[in-house]
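The values are calculated or read from the model by the stated rules, or taken from the named source; none is laboratory data. Just so it is clear, the model here is predicted, and its values are computed rather than measured. Cβ placement follows ideal geometry from the backbone for every residue including glycine, while neighbour counts extend to all protein chains displayed. In case anyone asks, the SASA skips ligands and DNA or RNA and just uses the protein heavy atoms, side chains included. Shrake-Rupley method; radii C 1.70, N 1.55, O 1.52, S 1.80 Å.
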Amino acid sequence: MERNENGTLKKGTVLNPAGRPKGSVNNTTKEIRDFYTDFLNGNKEKIKADFEDLEPKERLKFIIDISKFVIPTLKAVESDIEVKGVFNIPNIPDIGNRKK
């Protein structure tokens, strides 16, 4: 077993080569996902009818909440930018003080 100078394992060293392959799904997780998928597929019409009964604000909340499970979430990215020379910022109107 290859180790670094400080005694930790070198990158890429596998302690259990017969272990679960990277990216494989836990059997219990797979069963739960399959059950959930079957449940949703079996109740599509009821879910649609219930959705139509919601108030517009509740419909929007439902769409946002369910989107978390369908659309991948984006991670925040940090960036350091160094600007050299002249940098002009366009004049953007203040939309916070608009009259309704």
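Given the options P21, G42, N4, identify the residue whose Cα lies farthest towards the positive end of the charge dipole of the chain (+1 on Cβ of Lys, Arg; -1 on Cβ of Asp, Glu).
N4
So for K61, K75, what's the accessible-area order with a 1.4 Å probe, most first? Spell out each step's value before the answer.
Numbers: K61 120, K75 180 Å².
In descending accessible area the options line up as K75, K61.
So I have [x] 21.3; [y] 14.9; [z] 16.2, and one of them is Kirkwood radius over Cα pairs in Å calculated from this model. Which one is it?
Among [x] 21.3; [y] 14.9; [z] 16.2, the one derived from this structure is [x].
Using a 7 Å offset from the Cα along the Cα-to-Cβ direction at both I64 and I89, what is the distance between the two label points in nm, to one decimal?
Each label point is offset 7 Å from its Cα along the Cβ direction, giving 2.8 nm.
Can you pull the accessible area of I89 for me, 1.4 Å probe, Å² to the nearest 10?
The accessible area of I89 comes to roughly 130 Å².
What does the net charge come to around N26 if you take all other residues with beta carbon closer than 12 Å to its beta carbon, with K and R at +1 and D and E at -1?
On the way: positive: R20, K30, R33; negative: E31.
Once positives and negatives cancel, what remains is +2.
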